[in-house]
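One structure is given below, encoded as structure tokens.
The values are calculated or read from the model by the stated rules, or taken from the named source; none is laboratory data. Please read all numbers here as calculations on a predicted model, not as lab measurements. In this analysis, Cβ positions are derived from the backbone assuming ideal geometry, glycine residues included, and neighbour counts consider all displayed protein chains. Heavy atoms of the whole protein, side chains included, go into the accessibility calculation; ligands, DNA and RNA do not. Shrake-Rupley method; radii C 1.70, N 1.55, O 1.52, S 1.80 Å.
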2 protein chains.
Amino acid sequence: MPQHFDDRPIGVFDSGVGGLTVLAELRRRLPAEPTLYLGDNARAPYGPRPADEVLRFTLEAADLLLAQDVKLLVIACNTATARALDEVRRRSSVPVIGVIRPGALAAAAATRTRNVGVIATAGTVESGAYHEAIVEADAATQVAQLACPELVPMVEAGILDGRRAESVLRAYLEPMLAADPDIDTLLLGCTHYPLLRAPIERIVGDGVAVVDSAFTTALAVEDLLDALGARASGVEADAMHRVATTGDVAAFVSVAERLFGERLPAVEAVEIEPMPALPLD
Amino acid sequence: MPQHFDDRPIGVFDSGVGGLTVLAELRRRLPAEPTLYLGDNARAPYGPRPADEVLRFTLEAADLLLAQDVKLLVIACNTATARALDEVRRRSSVPVIGVIRPGALAAAAATRTRNVGVIATAGTVESGAYHEAIVEADAATQVAQLACPELVPMVEAGILDGRRAESVLRAYLEPMLAADPDIDTLLLGCTHYPLLRAPIERIVGDGVAVVDSAFTTALAVEDLLDALGARASGVEADAMHRVATTGDVAAFVSVAERLFGERLPAVEAVEIEPMPALPLD
């Protein structure tokens, strides 16, 4: 594999706009890499959906990105990673990275008290995937998980800080930390949450390290490209970026621009081919 | 790449016996994976050697392992990683992982004060590779490096704890921590040093997290195999392990058994083919 460059894009998938936090970190750390982002907004959010539906939707989205000749696939959605990463890997012709393991390893490295709090969507919490990944890295670590269903809608409404955001966040975080005063590390287990990092850090205070899976996933992608010798040959100015959504383009742009400013390329509309039947054994 | 298993061995290279700490972590975390370890004991230690010699020796050793059809190459030697990782990657037909980046990322995640101490061999310190890798992960982190030339010979002599080990370690660590009281994370930047972990942890105390690149590198290998879909198909009992040295077999076994107990397979003698000329541009 190594010994050469690879100018194919990195494929990034999320159920909606949250994975753009991962895309933003990737573009910041790896400016020469072309990227292709797919948001399945027509069927978002995945968080409340049943596990088998999340699996099927994620496989369909992965097929679409693989058909675009990506060199690497990032499942930039915690729910999809929890429910579908193993199966996507089994079917993929290219390496696949999820967002759970990089965040879990960073949290396990960050805690001194071996007490980690995880906030995530209901689906991610229910999957137990963060608990499992953190304990796999360090069996002695205690993991307290909390589902925060109000946060994704709040972020998508553009409420990222201020009195309203702080009050919603306090209602989740203060009881969690009061119940578990040994928690010294908080893992943001949803790709929307890094946009709330500033108020979260204020609320939890200096004694609690905030670990963000968008940042840690970008580091993992960098490591993988280096291990494979598969970085793009180009320079920053050449990198091609494409963003596509299965949902309404104007709505996607409106949310994405509110969250990420003007850095988005033109957003394309795509349709995902539904699978005739779930081809699992 | 993914979609299948890969039963070829993981190749692990070190200048001597230190990389066996990485091998031990790999075997503990990935018991189904066959391994092939090469210690270049005839030319160890690499730490004090000039950079171009370390580069040449490492390329020669990598060629030997690649000729054995390994699926992945781990440079389990900090000095060799610092001096030769990029060039090994350029020439390798399989993915290559070094020990510096995984340790650096874990240290950057572990520090709260953003002050990391690194202890390593003179060659690794001089290369600046840990400093660079930690700052790349978090530009705001301060890195204090200290060369500890007495530690490798001490470990190889089987002195892993007790009054003598503690006194040598105190002479290095206490002045470092006194000069930099904000250091809250100590990175063991040499694959021998995890064997000194117990006395090191006693000396630095609870306020300083000890990060060990053998452990973090094993996690990185696990991630890479998963991303590639390249885990071995077998079960623990089937995994083949081979250990080879360019040096004296009896001497290798004597040191390795003192450090690692009876878990070693029979040790083979190999010769490394010297390169006619350094094929770099």
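At the nearest 100 Å², what buried accessible area, both sides summed, do you get for A and B when the probe is 1.4 Å? Please report the intermediate quantities before stating the final value.
On the way: alone 12210 and 12220 Å², together 21770 Å².
Interface area, both chains combined: 2700 Å², rounded to the nearest 100.
Remark: mean inter-chain Cβ contacts per residue of A:209-221 equal 2, using a 10 Å Cβ-Cβ cutoff to other protein chain atoms. What net charge is computed for the residues neighbouring residue B:88, neighbours being all others with C-beta under 13 Å from the C-beta of residue B:88, Lys and Arg scored +1, Asp and Glu -1? Charge balance in the 13 Å sphere: 0.
For the protein assembly as shown, a crude dipole built from +1 on the beta carbon of Lys and Arg and -1 on the beta carbon of Asp and Glu, taken about the Cα centre, is about 460 debye to the nearest 20. Scanning chain B for the Cβ atom closest to the axis that brings B onto A yields residue and whole-Å distance B:109, 2. Relative to the other identical copies, residue B:171 shows label-point distances of 6.3 nm, where the label point lies 7 Å from Cα along the Cβ direction and values run shortest first.
Pairing the Cα long axis of helix A:249-260 with the longest principal axis of chain A, what angle in degrees results, from 0 to 90 and rounded to the nearest 10? Value to nearest ten degrees: 50.
Using a 1.4 Å probe and counting only protein heavy atoms, arrange A:212, B:226 so the residue with the most accessible area comes first. The partial results should precede the final answer.
Numbers: A:212 15, B:226 40 Å².
Solvent-accessible surface, decreasing: B:226, A:212.
Label-to-label distances for residue A:136 across copies, nearest first, come out at 2.5 nm, using points 7 Å from Cα in the beta-carbon direction. Percent of Cα pairs in the protein assembly as shown per distance bin of 20 Å, from zero to the largest separation: 21, 54, 24, 1.
Carbon and sulfur: what percent of region B:138-221's accessible surface (1.4 Å probe)? Mind dumping the intermediate values first?
Values: 1750 of 3320 Å².
Answer for region B:138-221 is 53 percent, counting heavy atoms of protein chains only.
Cα centroid separation, region A:137-210 to region A:218-266: 26 Å.
With Rh defined as the Kirkwood radius, the inverse of the mean 1/r over Cα pairs, the Rg/Rh of region B:101-213 is 0.94. Its alpha carbons considered, region B:138-281 gives a radius of gyration followed by a Dmax of 19.2, 51 Å.
Averaged per residue, what accessible area in Å² does region A:101-213 show with a 1.4 Å probe, protein chains only? Don't skip to the answer; put the middle values down first.
Values: 4350 Å² over 113 residues.
For region A:101-213, the per-residue accessible area is 39 Å².
For residue A:90, the distances from its label point to the matching points in the remaining copies are 4.1 nm, ordered from shortest, with each point set 7 Å beyond Cα toward Cβ. Which of B:218, B:139, B:230 moves most in a GNM of chain B, Cα contacts under 10 Å? Among B:218, B:139, B:230, the largest GNM mean-square fluctuation belongs to B:139.
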